[in-house]
Amino acid sequence: MGLASASRAFCVCLLLFSTAKLQAQIKVASFSTVLSEIAKKVGGKDVVVTSVIKPGQDPHEYQLTPGDLSAAAASDLVLLSGKGMEGTYLRNLRDALPKQVQVLAVGDQIPSLTKGTDEGKDAEKEATQDPHWWNSISETEKATAVVRDALTRLDGQHAADYQAGATAHLSLLKELDSWVKRKVAELPRDRRILVTSHDAFQYFAKDYGFQIDSIEGLTTDQEPSVSHVTAIIAEIKKQGVKAIFLENTLNPKVSVEITRESGAKIGGSLYADGLGPGDGETYDGMLRHNVTTIVDALK
Amino acid sequence: MRGSPLAQAVLVVAALLLLLIPLHRLTQREQRPAPQPAVTRPTKQVHLALRTTAVPCRFQITFLGKTLWAEDASTPELAKDFDIDFPKEGIDLVVDATWESKALAAMEITLSLPDGTALRKTLWGQGAANDVLTFREEE
C-alpha cells in the first residue's frame, strides 16, 4: 500500500469518526434564552443548542416561523418556558413536530405563582399562571435539574457529564443567590416596592421580599387602563417610591408619564423576559444588572 | 362703546388681569410634582446579643450596607445596643463569622425590641459562616 492510499484511508477514518461524534450529539431547540444557556452549560460538548428565541426578543410577542419550526423538527429535544408563555403557538408547534422529537415545557415542572382567581376552566387557570419563573434563582435551579434529567433520559451514556455540568451551574447559581441577598440587604425592607412596566418579577419579589406594582399585566400585549395607572400613581405618592423601572423590550411611554405625575424618577431598564444584549447576555449578568439597578435606584 | 378712551383702556387691562388668575391656576397644575419627601423612618433601640459555641470568633454584622458591629470575640457571649430603623417589614442583617476551630460551630443572634419582643436566628458553619438574617416581628 502506497503513501497516498494510506493517507486516503486515514482521512476516511477521520471523517467517519467525526461524523459519528457529531451524530452522537443531542440536538436541542430552545424557545427561551435562559433555557438555551442552561442547556449549553449542562449539555457541554455532548449537546448542540439552537436558540430559537434570541436575546433581547420579547417572548410574549414571538410568532412561530417556518424556519424555526424546521429547526425544532430537526432536534431531539425542544425546550419551552411553559406556564402558558407559548400559549399562542404551542398547539401548532406540537402538531407539526415529528413524534420522535421530545417537547419539554420546563416551567410546567416547577411550582407556579398565579395572579387573580384560580377558579374556572383549565384554560383560564393557565392564563393566570405567572410564566416569569427565571427571575427567581431558586426556580432556575429547579429548571437546571429538569434539563439535566431530560438530557440524561435521552442520552444515558453521558449521564455523568450532564450531572457534572448541572452541578457546576448550580454552584454558580448558589453563589449568585448569595450575592443577590447581600445586595438586596442594602435596601431597607420598607423600601422594597418595585414598580415595573409589566408583571414579570413576582418570583423575584417572593424570594427577596419585594412588593410589586406593575403597569401592565403578566403579558406585554395589553395596554393598562386609566384607573390602573391612576392607582399606581397614588400608590407611588403614598409609599414615597423613589424610582420606577423600564424594560429592555417595552415602550417606556406610560412609565415616563407616571414619573411626570408622581414625582418618582426612572430608575433604569431591567431585563424582564430573559437574556438580552449588554449586561444581560448571561443569566449571571442579567440578574446582577437587575438587582444593582433596583437597589441603587430605590436606596 | 361709549366713555373716554382712558376708561376703556383701564377696563381692558382689568379684564386681562382677571383672566390671569385662572390661567395661572391651569399652568400650575401642569407643573411636575416635587419629588416625594423621604418617608419618616422611626428608629428603635434594639439590643443585640450574640452567643457563639466556639471562641475565638471573628464576626461582622452589616446593616444597610454599613458595618454595624465587628469584633474579635474571645468570650462566648456578647451584647450591645443600637439605635436603628426598624420598620414593620423588619430588617436584614448580613452576618459574617469565622472561627479558629474548623469543627462545626454556631452563632446565635438574639434581637430584642423595646417592648420585650425577642427575635432569634442561628448561623451554622465549619470554620466560617455567612448569611443574610431577616428579623421580623410577626415571625
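Nothing in this text is a laboratory measurement; each read-out follows from the coordinates by a stated rule. Every value quoted in this text rests on a predicted model; they were computed, and no experiment measured them. Methodologically, a virtual Cβ is constructed for each residue, glycine included, from the backbone with ideal geometry; neighbour enumeration extends over all protein chains shown.
Values as computed for the structure displayed
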read-out: Helix-derived mean residue ellipticity, 222 nm - over chain A, DSSP H n ≥ 4, -39500 (n - 2.57), to 500; value: -15500 deg cm²/dmol
read-out: Spin-label zone in segment A:162-184 - amide nitrogen under 11 Å from a point set 7 Å from the Cα of B:Lys121 along the C-beta vector; value: A:182
read-out: Stretch gain in nm, segment B:Leu6-B:Gln60, where the contour uses 0.36 nm per residue and the Cα spacing is subtracted; value: 11.2 nm
read-out: Chain lengthening between B:Thr43 and B:Lys102 when straightened (0.36 nm per residue, less Cα-Cα); value: 17.4 nm
read-out: Only Lys, Arg (+1) and Asp, Glu (-1) charged, at Cβ; chain A dipole about Cα centre in debye; value: 780
read-out: Chain A - Rg over Rh from alpha carbon coordinates, Kirkwood radius; value: 1.07
read-out: Inter-label distance for A:Ala24 and A:Gln109, nm, one decimal - labels placed 7 Å from Cα along Cα-to-Cβ; value: 2.4
read-out: Interchain or long-range residues, amide H under 5 Å from A:Leu270's placed H; value: A:Leu246, A:Glu247, A:Asn248
read-out: Alpha carbon centroid spacing (whole Å) that separates segment A:215-243 from segment B:76-103; value: 37
read-out: 3J(HN,Hα) from dihedral phi, segment A:265-271, Karplus parametrisation 6.51/-1.76/1.60, rounded to Hz, x for glycine, proline; value: 9, 7, x, x, 10, 10, 8
read-out: Calculated FRET value between A:Lys253 and A:Thr292, using beta carbons and R₀ = 22 Å, to 0.05; value: 0.30
read-out: Cα→Cβ-extended label distance, 7 Å offset, between A:Glu235 and A:Asp284, nm; value: 3.4
read-out: In sequence order, calculated HN-Hα J values of segment A:94-103 (Karplus, 6.51, -1.76, 1.60; Hz; x Gly/Pro); value: 4, 5, 7, 7, x, 4, 6, 7, 8, 10
read-out: Where trypsin sites (Lys or Arg not before Pro) fall in DSSP loop in segment A:76-105, at most 13 other Cβ within 10 Å; value: A:Lys99
